[in-house]
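S.K.: Please find one structure pasted underneath; my questions will follow.
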Amino acid sequence: MPFNARKAAQVIAYFIAKNGGNAIHVVKAIKLVYLADRQSITDFGFPVIDDVYVSMPHGPVNSNTYRHVNAEYDLDACGWSDFLQGKANHEIGATKKFERDDLDELSEADIQALDKVWEKFGPMDTWALRNWTHNRKNIPEWENPNGSSALIPLERILGFLQIENVDEQVSLIEDHKYIDNVFDNLRR
């Protein structure tokens, strides 16, 4: 399914807004996005961003989000640069100050998950957060990839979050991705 780069950018822009409009270190931004997906799955059964999850040396990562942060795609064409500046000095900033209504891809459930994550992890230093995500007591699905990357299956995340009927929920999430893709194509 196509990745919604515009929504991923809005998630990071939301965290930047919560940070007083100040840029956020890339490592911290990526950790917050991953934790937001975990929180949303816990609370609502669905991630905020439909992404692929991987273990990397600095912890768990939303792969497509990370690749967009690193400008591996045309950021203008996908809507990313409408919300975020290119990374500079290992930080990512917003293109302007955003109001809630500007972030039209984010549902109220998404905002609830983002707010919970910011409340708990926003005040954390980048490297303290990175280390927190390396603790298997906190993020048991992360495995040290020894300098590379390794897929974190959605089933593993849901299992560690103690979501009931993991296979059924994964199917629902996959169906949700398909339906979102159909609606996105109709909007174009």
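The values are calculated or read from the model by the stated rules, or taken from the named source; none is laboratory data. Nothing here was measured: the structure is a model prediction, and the numbers come from that model. When we count neighbours, we look across all protein chains shown, and the Cβ atoms used for this are built from the backbone with ideal geometry, even at glycine.
Quick grid of which residues meet (1) in contact with a Gly (Cβ under 9 Å, 6 or more places away or on another chain); (2) buried (at least 21 other Cβ atoms within 10 Å of the Cβ); (3) within 16 Å of K116 (Cβ to Cβ); (4) polar (S, T, N, Q):
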site: V11; (1), (2), (3), (4): no, yes, yes, no
site: G21; (1), (2), (3), (4): yes, no, no, no
site: Y34; (1), (2), (3), (4): yes, yes, yes, no
site: R38; (1), (2), (3), (4): no, yes, yes, no
site: D43; (1), (2), (3), (4): no, no, yes, no
site: F46; (1), (2), (3), (4): no, no, yes, no
site: T65; (1), (2), (3), (4): no, yes, no, yes
site: Y73; (1), (2), (3), (4): no, no, no, no
site: Q85; (1), (2), (3), (4): yes, no, no, yes
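S.K.: What residue, among those in region 120-140 that are within 16 Å of the chain's Cα centre (by Cα) and of a type in the set (D, E, K, R), is surrounded by the fewest Cβ atoms within 10 Å (Cβ to Cβ)?
M.R.: K120
S.K.: Also: Could you tell me which residue of region 130-168 is nearest to M56 (Cα to Cα), considering only residues that are among the basic types (K, R) and assigned to a helix (DSSP H, G or I)? Can you show your working first?
M.R.: Of region 130-168, the ones among the basic types (K, R) are 130, 136-137, 156.
Among the residues that remain, those that are also assigned to a helix (DSSP H, G or I) are: 130, 156.
Working: R130: 11, R156: 16 Å.
Among residues in region 130-168 that are among the basic types (K, R) and assigned to a helix (DSSP H, G or I), the one nearest to M56 (Cα to Cα) is R130.
S.K.: Only helices (runs of 4 or more DSSP H) wholly contained in region 1-103 count here; list those with 2 or more residues that are in contact with a Leu (Cβ under 8 Å, 6 or more places away or on another chain), β-branched (V, I, T) and touching a residue at least 40 places away in the same chain (Cβ under 8 Å).
M.R.: Working: elements: 5-18, 26-44, 63-69.
So the answer is 5-18, 26-44.
S.K.: Inside region 59-103, can you point out the residues that are among the acidic types (D, E) and at pLDDT 95 or above?
M.R.: Taking region 59-103 first, the residues among the acidic types (D, E) are 72, 74, 76, 82, 91, 99, 101-102.
Selection gives D82, E91.
S.K.: Modelled with pLDDT of 95 or more and among the polar types (S, T, N, Q): does that describe Q162? Break it down into steps so the answer makes sense when it comes.
M.R.: On the way: modelled with pLDDT of 95 or more: no; among the polar types (S, T, N, Q): yes.
No.
S.K.: Report yes if A109 is assigned to a helix (DSSP H, G or I), aliphatic (A, V, I, L, M), at pLDDT 90 or above and in contact with a helix residue (DSSP H, G or I) (Cβ under 7 Å, 6 or more places away or on another chain), otherwise no. First the steps, then the outcome.
M.R.: Working: assigned to a helix (DSSP H, G or I): yes; aliphatic (A, V, I, L, M): yes; at pLDDT 90 or above: yes; in contact with a helix residue (DSSP H, G or I) (Cβ under 7 Å, 6 or more places away or on another chain): yes.
Taking the combined requirement at face value, the residue satisfies it.
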